[in-house]
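Here's the structure, in structure tokens; my notes come after.
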Amino acid sequence: MSYQALVDDAQALIRNNSKWNGIAAEAVARMRLQNRFQTGLEIARHTAAIMRQDMAAYDRDPANYTQSLGCWHGFIGQQKLISIKKHFGTTKGRYLYLSGWMVAALRSEFGPLPDQSMHEKTSVPALIEELYTFLRQADARELGMLFREIDKARTAGDGIRERQLQQAVDTYQTHVVPVIADIDAGFGNAEATYLLAKKMIEAGACALQIENQVSDEKQCGHQDGKVTVPHEDFVAKIRAIRYAFLELGVDDGIIVARTDSLGAGLTKQIAVTREAGDIGDLYNSFLDCEEIDDATSLNGDVVINRGGRLMRPKRLPSNLFQFRPGTGADRCVLDCINALQNGADLLWIETEKPHIEQIAGMVDRIREVVPNAKLVYNNSPSFNWTLNFRQQVFDAWKEESRDVSAYDRARLMGEDYDSSELAREADEKIRTFQRDAAKRAGIFHHLITLPTYHTAALSTDNLARDYFGDQGMLGYVANVQRKEIQQGIACVKHQNMAGSDIGDDHKEYFAGEAALKAGGEHNTMNQFAA
């Protein structure tokens, strides 16, 4: 409905209520536009449709890959979207990622925790709700500024400008974008997964990412000691999430199935198998076993039948069973195919390095069975991107018989290499990694899990060094405020960003000329008007 149609609709409503003295139709229309999304479920349905459209666009052309950055606070997510709209004019293809790692490290009442599902599970849906609260406020703020411009144009008698601004309102693009949210390993059994998924969807999440680790032994994807579960256990949790989506009417909600098998050498359970070649038998086929002739002498050991032979899986003192070394990629491929065949929409393969051909090698095999398989990929800060890509270039040059005598592979991080030809080629491969991986390795969505964890630490370190050192106040003014002004950062007018002008507009709606507003001539934010 257009801006004018909304005003007319509100006017008709007010006309039928004679006691609504002082209620202005245009103010009602504006407030409705500023509060477009009433519930988290409305957001989930809206953003799920966006993701489905983007997935279809990627299937047509892998140049249409999508991106996101992880965030741990609503303000951080809001500022990302404000920056995206400012620099690119559209939010298309840009999402937010809610990282379980950052929730554990920064949002738990226990204080900083490792990524092991020890934080309060309710902190995850709470952060989703917070993110969308800030994104909706960004809409209200930006629309409010448009409304003020409409009033200025009307006062000046500039009808052309007024119509242009109303058109801008009619075609307004919201800051509310998809959030891909990390549900870890489900924080318990399938029922616990379902209950938490409902809370996350009700808060607005349209896409949930779940991993195939044991929930009570869950580890960060880039740490050791990861323990996976048999496929049937994982599928039960995928189904639990789908039921949550369907119960809440988000019929096209997205499930991202993550496999940690590449770096996970352990399992807590031997899978149930009913016949040779079924999914349980395939899972067990990767177990590291030794053949035995006589089971009668075994004391409390587990024995399985593998092709008519008695095999004893190797069990550790932790009571965990280990997989055969070198089977990680094969297990990843099986995990991904089974997940896609049982309700997952997207895949996530957690790797130990950013190597396109490593990922593509697995995706090629998956696509032999599921041709439109698509990945979400973690462009993780846990990787040393500089070292990895310099080593990749070094190895490629060596394989091509190029002269690499000027380089020492063991110390390629050395600053003396920063201006070298090898370093420049490595940086170019980093620059094009997302584009190249989207085309070659089936990666639909690229994300960085922990970017603002690192940017906050880096910027704080720089400010502390300068402000508490010789620079004093100039350390803040020159390196923060002056750059905010020069780069047009909205937060330089922090009162406006916090909603002061929105509040003033409301006060005027409610009290008219009697409103006591904060944005008068003595408000110091006027110093930033230019």
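Just so you know, all these numbers are worked out from the coordinates, no wet-lab data involved. Fair warning: this is a prediction, and the values are worked out from it, not measured in the lab. Ideal geometry is used to build each Cβ from the backbone, glycine not excepted, and the neighbour counts take in all protein chains shown.
Roughly how many debye, to the nearest 20, is the charge dipole of the chain about its Cα centre, given +1 on each Lys and Arg Cβ, -1 on each Asp and Glu Cβ, and no other charges? Walk me through the numbers on the way to the answer.
On the way: 60 positive and 73 negative charges, 238 e Å.
With Lys and Arg at +1 and Asp and Glu at -1, about 1140 debye.
How about the range 374-477: which trypsin sites (Lys or Arg not before Pro) there are in a DSSP loop, with at most 14 other Cβ atoms within 10 Å of their Cβ? Before the final figure, lay out the partial values.
On the way: sites: Lys374, Arg390, Lys398, Arg402, Arg409, Arg411, Arg424, Lys429, Arg431, Arg435, Lys439, Arg440, Arg465; in loops: Lys374, Arg402.
Listed in order of number, the matching sites are Arg402.
To the nearest ten degrees, helix 385-399 and the longest principal axis of the Cα atoms of the chain are 50 degrees apart. In a simple Cβ point-charge model (Lys, Arg +1; Asp, Glu -1; nothing else charged), the range 39-134 has a dipole of about 380 debye relative to its Cα centre. In loop segments of the range 219-298 as defined by DSSP, the GluC sites (Glu not before Pro) with at most 12 further C-beta atoms inside 10 Å of their C-beta are Glu275. So if I take the centroid of the Cα atoms in the range 162-177 and the same for the range 430-483, what is the distance between those two points in Å? Using only Cα atoms, the two centres lie 31 Å from each other. Can you find, among Tyr132, Ile254, Phe147, the residue sitting farthest towards the positive end of the charge dipole of the chain, where Lys and Arg contribute +1 and Asp and Glu -1 at Cβ? Positive-end residue among those listed: Phe147. Along the chain, the longest continuous region that contains none of the chymotrypsin sites (Phe, Trp or Tyr not before Pro) in a DSSP loop with at most 16 other C-beta atoms within 10 Å is 173-467. Have a look at Ile448, Val169, Val214 and report the one farthest towards the positive end of the charge dipole of the chain, computed about the Cα centre with Cβ charges (Lys/Arg +1, Asp/Glu -1). Toward the positive end, the furthest listed residue is Val169.
For the range 413-499, the relative contact order comes to 10 percent (Cα pairs under 8 Å, sequence separation of at least 6).
Enumerate by residue number the GluC sites (Glu not before Pro) in the range 474-530 meeting two conditions: DSSP loop (anything except H, G, I, E, B), and at most 12 other Cβ atoms within 10 Å of the site's Cβ. Write out the running numbers ahead of the final one.
Numbers: sites: Glu484, Glu508, Glu513, Glu521; in loops: Glu521.
Within the range 474-530, the qualifying GluC sites (Glu not before Pro) (loop, at most 12 other Cβ atoms within 10 Å) are Glu521.
Taking 18 Å as the cut-off for C-alpha to C-alpha distance, list the pairs among Lys86/Lys493; Lys483/Lys517; Lys80/Lys353 that go past it. Going by Cα-Cα distance, Lys483/Lys517; Lys80/Lys353 fall outside the 18 Å limit. Taking θ as phi - 60° and the Karplus parameters 6.51, -1.76 and 1.60, the scalar couplings of the range 103-115 work out to 4, 5, 6, 10, 10, 7, 5, 7, x, x, 10, x, 7 Hz in sequence order, x denoting glycine and proline.
The alpha carbon centroids of the range 90-127 and the range 356-420 are separated by 29 Å.
Counting alpha carbon pairs within less than 8 Å and at least 6 residues apart, what relative contact order, in whole percent, applies to the range 1-97?
On the way: 50 pairs, mean separation 19.0, N = 97.
Here the relative contact order equals 20 percent.
So for the range 354-490, considering every pair of alpha-carbon atoms, how many percent are separated by more than 25 Å? Write out the running numbers ahead of the final one.
Working: 4751 of 9316 pairs.
Value for the range 354-490 (Cα pairs over 25 Å): 51 percent.
With a Förster radius of 35 Å applied to the C-beta separation of Val369 and Glu191, the computed FRET efficiency comes to 0.70. Across the chain, the mean sequence separation of Cα contacts (distance under 8 Å, 6 or more residues apart), normalised by length, yields a relative contact order of 15 percent.
Tell me whether the range 438-530 comes out rounded, prolate or oblate; compute the Cα gyration tensor, take square roots of the eigenvalues as a ≥ b ≥ c, and use a/c under 1.5 as the rounded threshold. Oblate shape, in that a/c is at least 1.5 and b/c is the bigger or equal ratio. A straight line joining the Cα centroids of the range 185-216 and the range 223-299 runs 17 Å.
With the charge dipole of the chain set up from +1 on Lys and Arg Cβ and -1 on Asp and Glu Cβ about the Cα centre, the Cα lying farthest toward the positive end among the listed residues Gln391, Leu13, Met55 is that of Leu13.
For the chain, what is the percent of antiparallel DSSP beta bridges, rounded to the nearest 5? Mind dumping the intermediate values first?
Details: 11 of 43 bridges.
Within the chain, antiparallel bridges account for around 25 percent of the total.
Rounded if a/c is under 1.5, else prolate if a/b beats b/c, else oblate: with a ≥ b ≥ c from the C-alpha gyration tensor eigenvalues square-rooted, which is the chain? It is prolate, given that a/c is not under 1.5 and a/b is the larger ratio.
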